[in-house]
Amino acid sequence: MYLNVSSSPHIRDSVTTRRLMGDVVIALIPALVASYFIFGVRAIILTLITVASCVFFEWISRLIMKRDNTIHDMSAVVTGTILAFCLPAGLPVWMAIFGAFIAIVVVKEMFGGIGSNIANPAIVGRIVLGMSFGSEMNSYSVIGTLAGETGTDLVATATPLALSGDQAASYLDLLLGRHGGTIGEVSAAALLLGCAYLVLRGVIDLWIPATFVVSTGLFMWVLGHDPIYHVLAGGLLLGAIYMATDYVTSPTTTKGKIIFGIGCGLLTGLFRGFAASPEGVSFAILLMNIMNPHLERWTRLKTIGGVDYVA
Amino acid sequence: MFFKKTSRAIGVHPPQNKGTQGMAFVEVNGFKTITIPLNLQVGPGCSALVKKGDPVKVGQKIGEPLGHWSVPAHSSVSGTVVSVKKEILSNGSVADLVAIESDGQQTLDESIKPPAVTDKASFLSAIRDSGLVGLGGAAFPTHVKLNPPDGKTIDTLVINGAECEPYITADDQIMRTRADRIIKGINLVCHYLDISRCLIGVEDNKPEAIKALNDAINSHAGELKAGISVVSVKTLYPTGAEKVLIRYLTDRIVPENGLPADVGVVVLNVGTVSFIADVIDTGMPLIRKFVTVDGSAMNRHGNYDLPIGAPIEDVIEAVGGAKEPIGKVIMGGPMMGVAIDDIRHPILKHTNSLIMAGEKGAKIPKEWNCIHCGRCSRSCPMMLMPSELDMAARQENIDELREFHVMNCIECGSCTYVCPAKRYLVQNIRIGKNLYRQAARKAAK
């Protein structure tokens with residue numbers, strides 16, 4: 001008789017990387033649906049193209065590097081969706097594919113694939129695109145009906161963070177997404193719905209999003225801005241819920257998560273309050289991603305009953 | 001801090017699968033040949049007292065212990081010795097194996113009589129002569145455990161009835177049906193070791209066992225030598241791990257590399273303590289074991305009273321056979337048990353369950369990259385960071401293994417159970433522990 005021998009434990013939980021990533025994709029669907037009503041079918045097409053190119057780039061780079069294929073773990077789908085959510089709906093398709101290349105090949109696979117990247121691939125993809133194609137990345141458009149205009153033409157607007165005074169959107173507009181912005185960031189309500197799903201499924205906990213959002217709001221309030229407006233507008237919620245909580249590039253301990261979230265929040269406030277660019281979430285998260293190994297070391301758990309070695 | 005670190009419950013919730021809960025022990029006999037290894041436990045083992053062709057009786061001593069840590073081996077059947085030879089055991093060690101062909105008579109050895117116990121020394125030697133080792137799974141010799149080194153005072157006896165492993169219900173059944181024996185055994189241990197407090201930890205998924213124990217305490221209220229209380233602990237794996245149970249029940253922390261005696265505690269399993277009562281009353285050595293037999297490959301499951309040394313192959317046949325090809329046999333629970341390589345291996349003294357998995361359950365998942373989700377750290381009852389230990393072990397980095405307290409790992413398997421990337425964390429931590437031990441030994445030279 002042939003018996004299988006292995007080290008204990010002999011049973012495993014049903015949670016797999018694929019299931020976790022699948023849950024993130026499900027959580028992103030409300031924002032995608034909202035984007036259809038705000039930007040039209042173009043938003044969906046751009047998202048699908050970005051996802052498909054991310055999956056393709058992962059498959060081809062694993063093939064070239066002669067490594068086990070990992071596209072079944074869905075992480076490329078998550079990266080693709082989040083990257084697309086950071087892009088304006090009117091962006092030329094080839095630019096989105098270029099962003100996917102940067103995210104998957106340069107940031108993820110060249111560092112060793114899932115789990116080994118030093119920064120969130122989607123964020124670096126967005127930053128590289130933003131620097132390379134500044135004008136295209138900053139021209140937002142909305143479909144007229146939802147933006148309060150007549151007709152269904154695409155109307156170019158600016159992100160609410162760049163507007164001021166009576167031009168600015170109301171809180172309700174910000175929640176529903178009736179304003180300019182990238183595909184995924186505009187509807188705060190859809191993002192919060194996805195967040196609730198992720199928390200209920202145990203995929204993320206609220207430490208990073210909560211500390212991130214609260215510290216940004218507080219910082220902006222200290223600087224004399226409207227904190228709620230700054231929380232709802234721009235990419236803060238998308239970043240706080242879906243990018244800053246990326247397992248690979250955020251701390252694992254509660255203490256580390258709190259420091260990480262506050263760090264992201266303060267940096268975002270700094271960029272929004274003082275820098276020339278109206279948006280600062282992606283740079284804030286990128287900087288904290290780079291800090292992550294140090295945070296992990298500083299906030300290591302203390303084992304119960306551990307005896308320190310004395311030489 | 002927000003919480004008291006010592007009593008905070010950390011762990012995992014594997015599916016319990018305790019389908020055999022409440023099933024009475026069925027005595028199974030009639031095994032044609034039994035094989036008894038002469039080192040069933042920690043320590044150097046025994047030298048054989050019998051040779052090929054010798055007649056043996058039930059309870060007859062067939063192995064003489066070689067050191068203080070060893071306990072004697074006894075025959076569980078009457079019959080004739082057919083061979084004494086070295087073989088590889090299920091745990092990978094090599095030992096003399098005494099094979100005895102049963103005559104079916106089950107003739108008792110005449111020398112078996114209640115031991116004369118008057119003081120601690122005679123109590124401990126009676127326990128040692130019975131061949132008793134920890135029946136909970138670790139097989140640590142009980143007479144050594146009950147005799148802590150000088151300077152260590154024991155003030156608390158902890159009885160482990162948590163049985164947190166999935167599938168196993170043998171201890172539950174012992175508590176339900178042998179609560180009187182457990183209380184009697186506790187009384188003896190507390191009397192001879194001069195211990196004033198006893199805590200019985202039982203998981204709250206066993207209300208019947210808790211009730212039986214409380215009833216037994218009440219009915220013996222007048223004769224108790226110590227304050228015995230039953231503590232219901234939350235059902236959470238691995239509550240039954242020695243260090244964890246001590247922490248929950250007494251708020252004391254056993255240090256890394258330390259023993260419960262370092263914090264004034266001795267822990268006995270419910271099976272062990274009830275056997276102590278039996279052996280003082282009858283002098284019958286440890287030759288039978290209560291075992292849960294379960295698993296998806298089996299036709300029937302249940303709790304059985306089996307002779308030690310019965311080949312697993314014959315046990316499977318005797319309790320109803322397998323309905324599908326067996327892919328994996330686990331001796332012990334699914335979280336910490338040992339997957340054995342051959343079904344001809346015998347039932348050992350510390351075997352508390354046999355789980356036969358079909359080919360589907362035997363599959364070993366492929367491991368993928370760590371995604372740093374932190375689930376392993378959050379599930380670790382010792383608050384270690386298993387993914388870092390795993391990395392340090394793979395890199396053979398002794399300094400990091402020491403810095404991350406690899407020796408504090410209790411190998412409960414919670415981290416590996418929850419890992420979404422299916423990494424072999426405990427397996428690598430075990431390798432890391434060995435690397436660390438080797439390095440420490442080299443440094444000591």
- prompt: For the stretch B:293-322, what are the residues that are within 19 Å of B:Ile36 (Cβ to Cβ), of a type in the set (Asp, Glu) and touching a His at 6+ places or on another chain (Cβ under 7 Å)?
  reply: none
- line: Within the stretch B:247-278, the count of residues that are more than 10 Å from chain A (Cβ to nearest Cβ) and closer than 25 Å to B:Val12 by Cβ comes to 10
query: Among the residues of the stretch B:407-425, which ones are of a type in the set (D, E, K, R) and at the interface with another protein chain (Cβ under 7 Å from one of its Cβ atoms)?
result: B:Lys422
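For the stretch B:114-136, which residues satisfy the criterion of being polar (S, T, N, Q) and part of a helix (DSSP H, G or I)? Break it down into steps so the answer makes sense when it comes.
Initially, the stretch B:114-136 is screened for residues polar (S, T, N, Q), giving B:118, B:122, B:125, B:130.
Matches in the stretch B:114-136: B:Ser122, B:Ser125.
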task: Quickly run through the stretch A:210-229 and pick out the residues that are open to solvent by 20 Å² or more (accessible area, probe 1.4 Å) and in a helix (DSSP H, G or I).
output: A:Ala210, A:Thr211, A:Val213, A:Val214, A:Leu218, A:Phe219, A:Trp221, A:Val222, A:Pro227, A:Ile228, A:Tyr229
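Among the candidates B:Ile200, B:Ile183, single out the residue that is in contact (Cβ under 8 Å) with a residue 12 or more places away in the chain and closer than 21 Å to B:Ala261 by Cα.
Values: B:Ile183 fails: closer than 21 Å to B:Ala261 by Cα.
Just a single option satisfies the conditions, and that option is B:Ile200.
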query: Pick from the stretch B:88-100 the residues that are of a type outside the set (Gly, Ala, Ser) and modelled with pLDDT under 85: which of them is surrounded by the most Cβ atoms within 10 Å (Cβ to Cβ)?
result: B:Leu89
message: Can you report the number of residues in the stretch A:17-42 which are within 14 Å of another protein chain (Cβ to nearest Cβ), in contact (Cβ under 8 Å) with a residue 40 or more places away in the chain and either open to solvent by 30 Å² or more (accessible area, probe 1.4 Å) or among the aliphatic types (A, V, I, L, M) (or both)?
response: 4
- request: Considering only the stretch A:261-272, state which residues are open to solvent by 30 Å² or more (accessible area, probe 1.4 Å) and in contact (Cβ under 8 Å) with a residue 24 or more places away in the chain.
  value: A:Ile262, A:Leu266, A:Leu270
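Listed here are the residues, each with its yes/no results for (1) under 30 Å from B:Asn434 (Cβ atoms); (2) in a helix (DSSP H, G or I).
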position	(1), (2)
B:Leu199	no, no
B:Ile210	no, yes
B:Ile253	yes, no
B:Val279	no, yes
B:Val291	yes, no
- line: Among A:Val248, A:Val199, A:Val213, A:Val231, the single one that is out of contact with any helix residue (DSSP H, G or I) (no Cβ under 7 Å at 6 or more places or on another chain) and either under 13 Å from A:Val281 (Cα atoms) or within 14 Å of chain B (Cβ to nearest Cβ) (or both) is A:Val248
query: For the stretch B:288-333, how many residues are more than 14 Å from chain A (Cβ to nearest Cβ) and either free of Cβ contacts under 8 Å to residues at least 40 places away in the same chain or open to solvent by less than 10 Å² (accessible area, probe 1.4 Å) (or both)?
result: 17
Out of B:Gln438, B:Gln427, sole residue that is over 30 Å from A:Tyr2 (Cβ atoms), open to solvent by 20 Å² or more (accessible area, probe 1.4 Å) and not assigned by TED's automatic domain parsing to the domain that holds B:Glu256: B:Gln438
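Is it true that B:Asp342 is surrounded by fewer than 17 Cβ atoms within 10 Å (Cβ to Cβ) and either within 14 Å of another protein chain (Cβ to nearest Cβ) or touching a strand residue (DSSP E or B) at 6+ places or on another chain (Cβ under 6 Å) (or both)?
Here the answer is yes, as B:Asp342 does meet what is asked.
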query: Would you pick out the residues in the stretch A:186-205 that are within 13 Å of A:Gly239 (Cα to Cα) and open to solvent by 50 Å² or more (accessible area, probe 1.4 Å)?
result: A:Leu192
message: Restricting to the stretch A:181-214, name every residue that is among the hydrophobic types (A, V, I, L, M, F, W, C), over 26 Å from A:Ser170 (Cα atoms) and touching a residue at least 40 places away in the same chain (Cβ under 8 Å).
response: A:Leu198, A:Val203, A:Ile204, A:Trp207, A:Ile208
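A quick yes/no check of all residues on (1) within 23 Å of the chain's Cα centre (by Cα); (2) open to solvent by less than 20 Å² (accessible area, probe 1.4 Å); (3) under 30 Å from B:Asn269 (Cβ atoms); (4) without any contact (Cβ under 8 Å) to a residue 40 or more places away in the chain:
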{"position": "B:Val338", "(1), (2), (3), (4)": "yes, no, yes, no"}
{"position": "B:Trp368", "(1), (2), (3), (4)": "no, no, no, no"}
{"position": "B:His372", "(1), (2), (3), (4)": "no, no, no, yes"}
{"position": "B:Asp399", "(1), (2), (3), (4)": "no, no, no, yes"}
{"position": "B:Gly432", "(1), (2), (3), (4)": "no, yes, yes, no"}
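Being modelled with pLDDT of 90 or more and of a type in the set (Phe, Trp, Tyr): is that true of B:Phe140 here?
Values: modelled with pLDDT of 90 or more: no; of a type in the set (Phe, Trp, Tyr): yes.
No; evaluated as a whole, the condition is false for this residue.
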message: Step by step: first the residues of the stretch B:152-200, then only those that are surrounded by fewer than 20 Cβ atoms within 10 Å (Cβ to Cβ) and of a type in the set (S, T, N, Q), then the one that is nearest to the chain's Cα centre (by Cα). Which residue is that?
response: B:Thr177
- prompt: Would it be correct to say that A:Ile45 is in contact (Cβ under 8 Å) with a residue 60 or more places away in the chain, open to solvent by 40 Å² or more (accessible area, probe 1.4 Å) and either within 14 Å of chain B (Cβ to nearest Cβ) or in a helix (DSSP H, G or I) (or both)?
  reply: no
- prompt: In the stretch B:110-146, which residues are of a type in the set (S, T, N, Q) and surrounded by fewer than 21 Cβ atoms within 10 Å (Cβ to Cβ)?
  reply: B:Ser111, B:Thr118, B:Ser122, B:Ser125
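For (1) of a type in the set (A, V, I, L, M, F, W, C); (2) within 9 Å of chain B (Cβ to nearest Cβ); (3) touching a residue at least 60 places away in the same chain (Cβ under 8 Å), each residue gets a yes or a no:
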residue: A:Leu236; (1), (2), (3): yes, no, no
residue: A:Ile259; (1), (2), (3): yes, no, no
residue: A:Leu286; (1), (2), (3): yes, no, yes
residue: A:His294; (1), (2), (3): no, no, no
Cβ-Cβ under 6 Å pairs, at least 6 apart or on other chains, the stretch B:379-392 side within 12 Å of A:Ile304 (Cα to Cα), far side β-branched (Val, Ile, Thr) and part of a helix (DSSP H, G or I): B:Pro381/B:Val244
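The values are calculated or read from the model by the stated rules, or taken from the named source; none is laboratory data. None of these values were measured; they are calculated from a predicted model. So basically every Cβ, Gly included, is an ideal-geometry build from the backbone, and we count neighbours across all protein chains shown. To get the accessible areas, we keep the full protein, side chains included, count just its heavy atoms, and leave off ligands, DNA and RNA. Shrake-Rupley method; radii C 1.70, N 1.55, O 1.52, S 1.80 Å.
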